[in-house]
């Protein structure tokens, strides 16, 4: 299974929804809480993943691919694509 990383802040309801979805599917993930240095991390994420405009959270990475936020994660799951993306 590919590694899943999720960048979150502690006050974000969509971050919590993404975590709940991953947990409900028993998908292991590494959570990186950027709350303490939020502005710095948002800037670094934007540069690293070439994100134009404001960097939102959650930012979800599967393997080496940034898929975006909770809405995309949910759509992938509902379409049956999330499990395929996780395969090695």
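Table for the structure above
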item: Verdict on residue 4 being touching a helix residue (DSSP H, G or I) at 6+ places or on another chain (Cβ under 8 Å), touching a residue at least 12 places away in the same chain (Cβ under 8 Å), crowded, with 17+ Cβ neighbours inside 10 Å and farther than 18 Å from residue 85 by Cα; result: no
item: Some residue of the stretch 54-70 being surrounded by 15 or more Cβ atoms within 10 Å (Cβ to Cβ) and in a helix (DSSP H, G or I); result: yes
item: Filter pass, residue 17 being on the phi < 0 side of the Ramachandran plot and either modelled with pLDDT under 95 or loosely packed, with under 11 Cβ neighbours inside 10 Å (or both); result: no
item: Residue 31, sole failed condition from (1) within 21 Å of residue 88 (Cα to Cα); (2) surrounded by 11 or more Cβ atoms within 10 Å (Cβ to Cβ); (3) modelled with pLDDT under 95; result: (3)
item: Residues (closer than 21 Å to residue 13 by Cβ, out of contact with any helix residue (DSSP H, G or I) (no Cβ under 9 Å at 6 or more places or on another chain) and free of Cβ contacts under 8 Å to residues at least 12 places away in the same chain) located in the stretch 49-88; result: 68, 78
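The values are calculated or read from the model by the stated rules, or taken from the named source; none is laboratory data. All of these numbers come straight from a predicted model, not from anything done at the bench. Cβ: placed from backbone, ideal geometry, glycine included. Neighbour counts: every protein chain shown.
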